[in-house]
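Visitor: Please see the structure below; I have some questions.
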Amino acid sequence: MAEPGTVVGVTSQDTLPPGATRGPWSCRLHVVTGKGGTGKTTVAGALAVALATGGRRVLLTEVEGRQQIAQLFDTPPLPYAERKVASAPGGGEVFALAIDAEEALLEYLEMFYNLRRAGRALGKIGAIDFATTIAPGVRDVLLTGKVKEAVNRPDATRPGGRSYDAVVLDAPPTGRIARFLNVSAEVAGLAKMGPIRTQADSVMAVMRSAATVVHFVTLLEEMPMQETVDGVAEVRTAGLAVGGVIVNMIRQPLLAADDIERASADELDLEELVAGMKEAGIQAGVELVGALATEAAQHARRVRLEVAERAEVERLGRPVYELPLVADGVDVGVIYRFADLLRKQRMVG
Amino acid sequence: MSTTQGQPAQRPLPVPPVPVAPLDVDAMLDSEKIIVCCGSGGVGKTTIAAALALRAAEQGRQVVVLTIDPARRLAQSMGLSELDNIPREVAGVDRSAGGRLDAMMLDMKRTFDEIVLAHAAPDRAQQLLENPFYQSLSSSFAGTQEYMAMEKLGQLDATGDWDLIVVDTPPTRSALDFLDAPTRLGAFLDGRLLRLLLAPAKAGGKMYLKVVGVGLGMFGKILTKIVGAQLLTDVSQFVAALETMFGGFRQRAEQTYQLLGAPGTSFVVVAAPEAAALREASYFVDRLDSDGMPLAGLVINRVHPVCSAARGLTVERSLAAAETLAEHAGHPLTAAVLRVHAERVRLATRENRLRERFTSAHPDTPLVEVDALAGDIHDLDGLRDVGAALAGEKVLHQAG
């Protein structure tokens, strides 16, 4: 049986400096993907803060038109302009941009053809809608093209000579990620030459370079894991470098190992629980103790499931970073806590 | 609300504190002709759709479930090993009430191809199927999947073979795409831009380029810059071929859209107890309302309620008690169990808060909650349990 973690078609990784394929990730473009509901945007935000820590400037981008970054950082909806959304420890800054395909196209027309006004006129007869939404693949070329532009944008006044030290892309979900990033292949059948093809190829060159890495966010559950395994294989086949796997919403095992076994088999010692509750000053009847045992059993089954799925994660052969379940929900404070956790686990240097 | 003495409280009851009408799932399964499950990605739409379909079939109806992208093992359990657009009977369904369950997985490219083959002369159809623009459009345009799901729904409905069709919607980036995409595709294929492109193409391929280059002037030049001349030619030929075989894509899209608003159709919005998923659900409910679409209600999937008998034990008290025990180094099991409880209450409190935010904004939307299960569903028994939970009966073996 082929080992799922076997490296397939990652020639681009061979050109990386030693150690660069295991993290800490110092590349310029971090693509973050994950199945819906895995907390991909939260992780992308935390990674941006982690990268900015120590005085760097980082751009966090989204491409799905959902204003998730604004919600994450509790700011008003982002315009099509780079806005500072957060500061990081040590003088770092996180900027954010919600990339819109139509705006990206108008910007592109202006930049290369000086055609912004004509572009607006085209919008009225549906040509822009055609180019950004209908013509398959073109939309993705425009979105990734804007990301590429931000990655490469020069700024002579800054150390390193670039506007941003790193760009984090909160990318489409795992099921669509390979197709989204593999823009050259996507437009190959459509445009054998011409501006779209040229732009797609130049985007692809950045995506396949050592500057770019794709991180996967997953949960220790069957479906998100299955999608991650599939997504990793697809991204590798597309010739892109797979970075780390971030396992989100991990339950801390609160019960001792042997109690996990007993609890999940519904065999906890209820009399011991009654005695313990009495000792703690809580008068507990059969009902309360039974309810607590049920909750313990559910917790234990969840922990066992996570242990089983963790083996799947290991088989991917990628560095794994862990983030805990936050029972009270994610707010801005949690992003900083997660950024700190990612740094402590050496996801970024 | 107490459990029987001596029996472990294994039946956590999801009791919404705000009085919200429960979603009467069985009544819906009994009377509707079409049920559309929608919601953002990762909330368990496919599972809910399959569970509803199975329950209706075992209650005696002739049901077909149209799924888009089922998890592998769930697909296998329903006999969906092939993506071939053909509804097949699901084995293992209890047919004693006279019902049956068929299932099929949508193959959007094949559905599109079938439309072409059914409506065009063979040589014309072949020309269209080989057109590069058609090939891209039919396999990767973001709206095609939605449109083809609707198209397939219309086809299944037209056969009259089933008295209930349950549709699972595509995993779109936003739940709203599902409603918008078919109209958008239809509007585009029938729109002004394409008519402009189409006119010269009708006059012949070579003429077309000349017209675009000279006659259309600026417009053609810009468009050529955006998409390239070759792509424009492909599109133009594509539309010419399309138009001869079925006039008015828009009309077709509107018909499908109307089917959704017709009596006998119900929308079920599925969400997870997460802020983002419920926000999407909220938008979707408002959108259905403003479009006059029939909303049956909201399913909040995978909730973590606190067992009823343990509701009185607060986070603070549990943690303080666990501390006390830890100080005396006695009863480590009890201390751990109290910490598990505290975490559970915190989670349930957050989920309650999110649900209340939704219900206070949508007090008239019926609601049902399904407890989180220990693992994924990959057999009919699992689907039956979910169906029972949807109908307000109980399910065991939750996850913490």
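Visitor: Of the residues A:Ile99, A:Ile128, A:Ile69, which single one is modelled with pLDDT under 90 and out of contact with any Cys (no Cβ under 8 Å at 6 or more places or on another chain)? Even if it seems obvious, please write down each step before you answer.
Guide: Values: A:Ile99 fails: modelled with pLDDT under 90; A:Ile69 fails: modelled with pLDDT under 90.
Unique residue meeting the criteria: A:Ile128.
Visitor: Another one. Cβ-Cβ below 7 Å, separation at least six or inter-chain, first residue in region A:220-234 and part of a helix (DSSP H, G or I), second among the aromatic types (Phe, Trp, Tyr) and open to solvent by less than 30 Å² (accessible area, probe 1.4 Å): which pairs?
Guide: That search, which allows pairs on different chains as well, returns A:Thr228/A:Phe216; A:Gly231/A:Phe216; A:Val232/A:Phe216.
Visitor: Yes or no: region B:46-64 includes at least one residue that is part of a helix (DSSP H, G or I) and free of Cβ contacts under 8 Å to residues at least 40 places away in the same chain.
Guide: Step one: of region B:46-64, the residues part of a helix (DSSP H, G or I) are B:46-58.
If we keep only those that are free of Cβ contacts under 8 Å to residues at least 40 places away in the same chain as well, we get none.
No, the conditions are met nowhere in region B:46-64.
Visitor: In contact (Cβ under 8 Å) with a residue 60 or more places away in the chain and open to solvent by 50 Å² or more (accessible area, probe 1.4 Å) - does that describe any residue in region A:241-258?
Guide: Applying the first criterion (in contact (Cβ under 8 Å) with a residue 60 or more places away in the chain) to region A:241-258 yields A:241-252.
The next check asks that each one be open to solvent by 50 Å² or more (accessible area, probe 1.4 Å); those that pass are A:252.
The answer is yes, given that some residue of region A:241-258 is in contact (Cβ under 8 Å) with a residue 60 or more places away in the chain and open to solvent by 50 Å² or more (accessible area, probe 1.4 Å).
Visitor: Given the criteria within 20 Å of A:Asp155 (Cα to Cα) and surrounded by fewer than 22 Cβ atoms within 10 Å (Cβ to Cβ), does A:Ala70 qualify? Give the derivation first.
Guide: Working: within 20 Å of A:Asp155 (Cα to Cα): no; surrounded by fewer than 22 Cβ atoms within 10 Å (Cβ to Cβ): yes.
Answer is no for this residue.
Visitor: Then there is this: Would it be correct to say that B:Lys109 is under 20 Å from B:His378 (Cα atoms) and within 14 Å of chain A (Cβ to nearest Cβ)?
Guide: Working: under 20 Å from B:His378 (Cα atoms): no; within 14 Å of chain A (Cβ to nearest Cβ): yes.
Against the criterion (under 20 Å from B:His378 (Cα atoms) and within 14 Å of chain A (Cβ to nearest Cβ)), B:Lys109 does not qualify.
Visitor: Another question, then. Residue check, A:Ala297 against (1) more than 11 Å from every other protein chain (Cβ to nearest Cβ); (2) in contact with an Asp or Glu (Cβ under 6 Å, 6 or more places away or on another chain); (3) buried (at least 22 other Cβ atoms within 10 Å of the Cβ), all met but one. Which one?
Guide: Exception for A:Ala297: condition (1).
Visitor: Checking the conditions here, which among B:Ala374, B:Ala335, B:Ala329 is open to solvent by 10 Å² or more (accessible area, probe 1.4 Å) and either touching a Ser or Thr at 6+ places or on another chain (Cβ under 8 Å) or in contact (Cβ under 8 Å) with a residue 12 or more places away in the chain (or both)?
Guide: Result of the check over B:Ala374, B:Ala335, B:Ala329: B:Ala374.
Visitor: Based on what the data block shows, is A:Arg346 in contact (Cβ under 8 Å) with a residue 60 or more places away in the chain, on the phi > 0 side of the Ramachandran plot and open to solvent by 70 Å² or more (accessible area, probe 1.4 Å)? Break it down stepwise before answering.
Guide: Working: in contact (Cβ under 8 Å) with a residue 60 or more places away in the chain: yes; on the phi > 0 side of the Ramachandran plot: yes; open to solvent by 70 Å² or more (accessible area, probe 1.4 Å): yes.
So A:Arg346 passes the test.
Visitor: Sticking with this structure for a sec: Name the pairs whose Cβ atoms lie under 8 Å apart, with the first residue in region A:24-36 and within 22 Å of A:Met249 (Cα to Cα) and assigned by TED's automatic domain parsing to the domain that holds A:Arg162, the second open to solvent by 30 Å² or more (accessible area, probe 1.4 Å) and acidic (Asp, Glu), and 6 or more positions between them or separate chains?
Guide: Going by the 8 Å Cβ cut-off, the qualifying pairs are A:Lys35/A:Glu227.
Visitor: Exactly one condition in (1) modelled with pLDDT under 90; (2) within 23 Å of the chain's Cα centre (by Cα) is not met by B:Asp371; state its number.
Guide: The failed condition is (1).
Visitor: Here is a check on your reading of the model: is B:Asp376 within 14 Å of another protein chain (Cβ to nearest Cβ) and not in a helix (DSSP H, G or I)? Walk me through it before giving the result.
Guide: On the way: within 14 Å of another protein chain (Cβ to nearest Cβ): yes; not in a helix (DSSP H, G or I): yes.
Yes: the conditions hold for B:Asp376.
Visitor: Within region A:317-325, is even one residue open to solvent by 40 Å² or more (accessible area, probe 1.4 Å) and facing another protein chain (nearest Cβ under 9 Å)? Let's see the steps before the verdict.
Guide: Initially, region A:317-325 is screened for residues open to solvent by 40 Å² or more (accessible area, probe 1.4 Å), giving A:320, A:322.
So of that shortlist, the ones also facing another protein chain (nearest Cβ under 9 Å) come out as none.
The answer is no; no qualifying residue exists.
Visitor: Residues of region A:37-47 being open to solvent by 10 Å² or more (accessible area, probe 1.4 Å) and touching a helix residue (DSSP H, G or I) at 6+ places or on another chain (Cβ under 8 Å), which ones?
Guide: If we filter region A:37-47 for residues that are open to solvent by 10 Å² or more (accessible area, probe 1.4 Å), which is where we start, we get A:37, A:39-42.
Result: A:Gly37, A:Thr41, A:Thr42.
Visitor: Something else: Name the residues in region A:46-70 that are assigned to a helix (DSSP H, G or I) and within 13 Å of chain B (Cβ to nearest Cβ), would you?
Guide: Quick first cut of region A:46-70, residues assigned to a helix (DSSP H, G or I) only: A:46-52, A:68-70.
Within region A:46-70, A:Gln68, A:Ile69, A:Ala70 qualify.
Visitor: Considering B:Gly312, B:Gly392, B:Gly387, B:Gly382, which residue is at positive phi and either within 38 Å of the chain's Cα centre (by Cα) or buried (at least 16 other Cβ atoms within 10 Å of the Cβ) (or both)? Working first, answer last.
Guide: Working: B:Gly312 fails: at positive phi; B:Gly387 fails: at positive phi; B:Gly382 fails: at positive phi.
Matching residue, one of B:Gly312, B:Gly392, B:Gly387, B:Gly382: B:Gly392.
Visitor: Something else about it: Determine, yes or no, whether A:Ala200 is farther than 21 Å from B:Gly375 by Cα and either aromatic (Phe, Trp, Tyr) or within 14 Å of another protein chain (Cβ to nearest Cβ) (or both).
Guide: Values: farther than 21 Å from B:Gly375 by Cα: yes; either aromatic (Phe, Trp, Tyr) or within 14 Å of another protein chain (Cβ to nearest Cβ) (or both): yes.
Yes.
Visitor: Out of everything in region A:225-240 that is open to solvent by less than 10 Å² (accessible area, probe 1.4 Å) and within 13 Å of chain B (Cβ to nearest Cβ), what residue ends up being farthest from the chain's Cα centre (by Cα)?
Guide: Step by step, filter region A:225-240, then rank; the result is A:Met225.
Visitor: Pick out the one residue from B:Val340, B:Val368 that is open to solvent by less than 50 Å² (accessible area, probe 1.4 Å), within 11 Å of chain A (Cβ to nearest Cβ) and either in contact (Cβ under 8 Å) with a residue 12 or more places away in the chain or over 21 Å from A:Gly276 (Cα atoms) (or both).
Guide: Working: B:Val368 fails: within 11 Å of chain A (Cβ to nearest Cβ).
The match here is B:Val340.
Visitor: How many residues, within region B:291-309, are farther than 13 Å from A:Thr294 by Cβ, hydrophobic (A, V, I, L, M, F, W, C) and either outside the structural domain of B:Val386 (by TED's automatic domain parsing) or open to solvent by 10 Å² or more (accessible area, probe 1.4 Å) (or both)?
Guide: So the first thing to find is which residues in region B:291-309 are farther than 13 Å from A:Thr294 by Cβ, and the list is B:291-303.
Now drop any that are not hydrophobic (A, V, I, L, M, F, W, C), which leaves B:293, B:295-296, B:298-300, B:303.
Keeping just the survivors that are either outside the structural domain of B:Val386 (by TED's automatic domain parsing) or open to solvent by 10 Å² or more (accessible area, probe 1.4 Å) (or both) gives B:293, B:295-296.
Qualifying residue count, region B:291-309: 3.
Visitor: Determine the pairs where a residue that is in a loop (DSSP other than H, G, I, E, B), located within region B:90-103, has a partner that is modelled with pLDDT of 95 or more and polar (S, T, N, Q) with Cβ atoms under 6 Å apart, the partner being 6 or more residues away or on another chain.
Guide: If the second residue must be modelled with pLDDT of 95 or more and polar (S, T, N, Q), the pairs left are B:Ala97/B:Gln59.
Visitor: Please enumerate the residues belonging to region A:157-202 that are assigned to a helix (DSSP H, G or I), crowded, with 24+ Cβ neighbours inside 10 Å and out of contact with any Asp or Glu (no Cβ under 7 Å at 6 or more places or on another chain).
Guide: A:Ile177, A:Leu181, A:Val187, A:Ile196, A:Ala200, listed by residue number.
Visitor: Still on this structure: Against the conditions (1) part of a loop (DSSP other than H, G, I, E, B); (2) at pLDDT below 85; (3) of a type in the set (A, V, I, L, M), where does B:Ala125 fall short? Just the number, please.
Guide: Going through (1) part of a loop (DSSP other than H, G, I, E, B); (2) at pLDDT below 85; (3) of a type in the set (A, V, I, L, M) one by one, B:Ala125 breaks only (1).
Visitor: In region A:35-76, what residues are on the phi > 0 side of the Ramachandran plot and under 9 Å from the mean Cα position of the chain (by Cα)? Talk me through it step by step, then tell me what you get.
Guide: Applying the first criterion (on the phi > 0 side of the Ramachandran plot) to region A:35-76 yields A:37, A:39, A:54-55, A:65, A:67, A:74.
The answer is A:Gly39, and nothing else.
Visitor: Here's another thing I want to ask about it. Looking at A:Gly65, A:Gly55, A:Gly36, which one is touching an Asp or Glu at 6+ places or on another chain (Cβ under 7 Å) and over 12 Å from A:Ala96 (Cβ atoms)?
Guide: Numbers: A:Gly55 fails: touching an Asp or Glu at 6+ places or on another chain (Cβ under 7 Å); A:Gly36 fails: touching an Asp or Glu at 6+ places or on another chain (Cβ under 7 Å).
Checking each option against the conditions leaves just A:Gly65.
The values are calculated or read from the model by the stated rules, or taken from the named source; none is laboratory data. Not measured: the values here are computed from a predicted model. Cβ: placed from backbone, ideal geometry, glycine included. Neighbour counts: every protein chain shown. SASA here: full protein model, heavy atoms, side chains in, ligands and nucleic acids out. Shrake-Rupley method; radii C 1.70, N 1.55, O 1.52, S 1.80 Å.
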